[in-house]
Amino acid sequence: MTIMLTARHRPAIAPAAGQVVLLHGFGANAEDLLGLDAEFARPDLDLWSVEAPLTCPGTEAGRMWYDLYQTDWPGLSEAIAALKAWLLALPAQTQQPLSSTLLLGFSQGAAMTLEMGALLPVKGLMICSGYWHPSLEWPKALTPTAIVTHGTIDPVVPFAAGEEIHQRLQAAGCQSQLLPTQSGHWIDRPAIAALRDFLNQQLPPHTAVASD
């Protein structure tokens, strides 16, 4: 079965320096991470927030990339294939190559971000409160720069999962930085500031960037 993904798009309103793709977590939807647009304050970026393909049981409008309620995670391989195809088609829409594309994922979306980083030559990865799929094997040929943020008191995805991601990326030859924050399962203010700095380093702005 072919899965067609949809996304919310905020196009650049200045000459584009690149694009950011947001991947939300389990039980959320494409609206969830759009508030980061104001935090990044970058009119020279194409911003996309992709909607996960499956309806999340027990939620009114929540979505999921695959089913976490079952131990074999049904839907994972289909979601990976669909997201890969969507990203491969993106440059034709925006005229921005994958080499000018950053991926930002939260929780289950962060796990999907890692999958895409292992498959596609993207510029960088922003991994927030995520985890490593046991089946994921990282190819030595792809070494995007990454930032891993994770709350040290996260009750949903333990901080050790963020440490594992950081260590695995470093072992694969990626330039990875780990930012522990004193938070639970969310993206707190220090993490947002670090993500904004990482974004501005990886995709230097064409226009002035607002500061705190």
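The values are calculated or read from the model by the stated rules, or taken from the named source; none is laboratory data. Remember, predicted model here, so these are calculated numbers, not experimental data. Because the Cβ atoms are built from the backbone with ideal geometry, glycine has one as well, and the counts that use them run over all protein chains shown. Just so you know, the surface numbers come from the protein's heavy atoms only, side chains and all, with ligands and any DNA or RNA stripped out. Shrake-Rupley method; radii C 1.70, N 1.55, O 1.52, S 1.80 Å.
Roughly how many debye, to the nearest 20, is the charge dipole of the chain about its Cα centre, given +1 on each Lys and Arg Cβ, -1 on each Asp and Glu Cβ, and no other charges? Walk me through the numbers on the way to the answer.
Values: 10 positive and 19 negative charges, 101 e Å.
Rounded to the nearest 20 debye, it is 480 debye.
For the ranges 121-131, 186-196, 102-112, 86-96, what's the packing order if you count other beta-carbon atoms within 10 Å of each residue, average per peptide, and put the highest first?
Working: 121-131: 24.5, 186-196: 17.0, 102-112: 27.7, 86-96: 14.6.
Top of the packing list down: 102-112, 121-131, 186-196, 86-96.
Per q in 0.15, 0.26 1/Å, what log10 I(q)/I(0) does a Debye calculation on the alpha-carbon atoms of the range 1-86 return?
Scattering profile of the range 1-86, log10 relative to I(0): -0.59, -1.24.
Roll a 1.4 angstrom probe over the protein heavy atoms and tell me the percent of accessible area of the chain that is carbon or sulfur. Walk me through the intermediate numbers first.
Numbers: 5140 of 9360 Å².
Percent of accessible area from carbon and sulfur atoms in the chain: 55.
Mean separation of Cα pairs under 8 Å and 6+ residues apart, divided by the residue count of the chain: what relative contact order is that in percent?
Values: 446 pairs, mean separation 39.4, N = 212.
The value is 19 percent.
I'd like the distance between the alpha-carbon centres of the range 190-204 and the range 140-175, rounded to an integer number of Å.
16
In the chain, what % of DSSP beta bridges are antiparallel (nearest 5)? Write out the running numbers ahead of the final one.
Working: 7 of 34 bridges.
So the antiparallel bridges amount to about 20 percent of the total.
Hey, what's the per residue convex hull volume over the C-alpha atoms of the range 1-45, in cubic angstrom?
On the way: hull volume 4.0 nm³, N = 45.
Enclosed volume per residue, from the Cα hull, is 88 Å³.
Leaving out ligands and nucleic acids, note down the accessible area per residue over the range 66-212 with a 1.4 angstrom probe, in whole Å². Let's see the in-between values first.
Details: 6500 Å² over 147 residues.
I get 44 Å² per residue for the range 66-212.
Hey, rough spin-label estimate for L5 and Y69, points 7 angstrom out along Cα→Cβ, what's it come to in nanometres?
2.3
Tell me the Kirkwood radius of the range 61-212: reciprocal of the mean inverse pair distance over distinct alpha-carbon atoms, in Å.
Details: mean 1/r = 0.0624 Å⁻¹.
Every distinct Cα pair counted, the radius reaches 16.0 Å.
Under the rule of -39500 (n - 2.57) per DSSP H run of 4 or more residues, summed and divided by the residues of the chain, what mean residue ellipticity at 222 nm is obtained, to the nearest 500 deg cm²/dmol?
It lands at -9000 deg cm²/dmol.
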